[in-house]
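The numbers here are math on the coordinates, done by the rules we state, and not lab data. Keep in mind the model is a prediction, meaning the values are calculated, not measured. Don't worry about glycine lacking a Cβ; one is built from the backbone with ideal geometry, like all the others, and counts go over all protein chains shown.
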Amino acid sequence: MHKQREALRYAKTTTMSNRMIGKLVGVSRTTVANYRNRIDKLNLNWPDIEKLNDKEIERLVKGSRKLTQSKREPDLIYTHNEMQKPHVTAQLLWEEYSISDPKSAYSYSSFTHKYNTYVKKLDLSMRQPHRAGESIFVDYAGKTIPYTDPETGDERTAQIFIGVMGASKYTFAYASRSQKVHDWIDAHNKMYWFFGGVTQNLVSDCLKSAVISSNPEIILNRSYLEQAKHYNTIVLPARPRRPKDKSDAEIGVLIFTRWITAKLRNHKFFSIDEINTIISELLKELNERPFKKLPGCRRSRFEELDQPMLRPLPGLPFEYATWIAVRKVTKDYHLPVDSHSYSVPHELVGQKVETRITKNVVEFFSLGKRIANHPRSYVEGGYSTSPQHQSKEHRAYANLTPENLIEWAKKIGPSSLDAVQYQLTSRPHAVLGLKPCATLQKLVKEYGENKFEAACERAKTIGSLSVTSIKSILKRRLVDLADDQMPIQINLPLHQNVRGSDYYTNRSPL
């Protein structure tokens, strides 16, 4: 189901071919074509599809339709030649192709699919310039920069992350402590804010922080995939042992090593921040260094070509998250995360959910949709419970506190308040009065607030505010009688079983 969702996202938000989409998500190109035909027939856009859960998407992509209308084939040779010219886009060429006879023209997605298929048949070794704002190439430099830990005196090495814009070759570099996922994600955040925007796709190396598996299908690291979605871009991993797939990154690493790393060979560093400060200064010089065979420099070409074509940044940087594998919801509808339990909707008891954890938030997902989120708590053994997740009965019991009961009684009347306070104060602990108060609440639902208040007032006059007395007054309908109509307890007749008071006063002590 995850593959279906990703295939539909690529199909509706990119101009990638069915074969490329199939390779990325691990399905055949024919399957992708069927998905594309189905959603085109239903006239659905990605925002509509994104709202569906996995089962709804599965039902959506079942079936296909046959194209019976004949279409006019575009001139792909002409299209390819025009695409090499500056500022010419596929959208412009499609509009020129379809304007003469829109009914016989292919749709924009079909037009670009045919063109991309044609390009793949060309000489694979030919040099193809990258279009503005299309790609960023990223990799780690093989050459590290050493530094000394000031607290321990240990010698360490900083990993250098490199990002290069495809069209302008504008370069970003950042020193990290490692190549692990959290440092990999952090370096990408820094890179996007350095460029001030996002490209359509990102070509990365196949390190484990990016790609979990590439054989037989490409499986991206979950957090890396989440980051790509956050920035509305697509990760296109280079093939293993195919450096030409990310040749711009390889060249960027080489240039960075020659012009920056080599300059720092005799410099003594004591922190990662110190390294990044120096890199930032030298990186500015590198990007403003004039080209030898082209006019301008990396910065000027970036401002002219790539920058106007970048997609806008989201409001906030992506927050690194870890995932906990699917777990079944137990009867108390809580799931533990680092010794603290969080609630999910009680309807999900017995079902399986995934957990996503960030520094500040814990989220739960079912069938690809988020079903609960909580602020992260670091209190071990604690519980974070949302009232919306509780059943009606559990929610009522959770609200059964002395404070809530007193506020409830105040709204009914002073005698009702006296009755509730009596239950809470006449016992060694107030918690022992909660159950009797719950019984009083049931009596209000059964007899109404007015009769309950009158019953409590009668109970006060006889000096007995116990639940038994109040319940008896209501059950015998004594609240409907006037004071002079109240039954009076008469003296019991004397007989041999009545001891009398003298029995106790005249009895000798033991």
*Using r as the Cβ-Cβ distance of Arg311 and Glu151, and R0 as 45 Å, what FRET efficiency do you calculate, to the nearest 0.05?*
0.60
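For the stretch 162-216, build the convex hull from the C-alpha positions and give me its volume per residue in Å³.
89 Å³
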*Extension gain Gln91-Arg370, at 0.36 nm per residue separation less the Cα-Cα distance, in nm?*
96.9 nm
_Lys pairs, the stretch 322-394 - Cα-Cα below 19 angstrom, 8 or more residues apart or on other chains_ = 5
*For Lys410, go through the aspartates and glutamates and keep the ones whose alpha-carbon is under 17 Å away, minus same-chain ones fewer than eight residues off.*
Asp418, Glu449, Glu453, Glu457
*asked:* Across the stretch 76-120, what fraction of all alpha-carbon pairs, as a whole percent, falls in each successive 10 Å bin from zero upward?
replied: 28, 59, 13
*Determine which lysines satisfy two conditions relative to Lys114: a Cα distance under 22 Å, and not lying fewer than 8 residues away in the same chain.*
Lys12, Lys23, Lys41, Lys66, Lys71, Lys85, Lys103
*Using 1/(1 + (r/R0)^6) with R0 = 30 angstrom and r between the beta carbons of Ser426 and Asp480, what's the FRET efficiency to the nearest 0.05?*
0.60
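If you add up the charges near Ala105, with Lys and Arg at +1 and Asp and Glu at -1, over every other residue whose beta carbon is less than 9 angstrom from its beta carbon, what do you get?
+2
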*asked:* Could you order the peptides 197-204, 314-321, 465-472 from most to least packed, using the average number of other C-beta atoms within 10 Å per residue?
replied: 197-204, 465-472, 314-321
*Anchor Lys143: lysines whose Cα lies under 25 Å away (excluding residues fewer than 8 positions away in-chain)*: Lys169, Lys180, Lys190, Lys208, Lys244, Lys246, Lys263, Lys268, Lys284
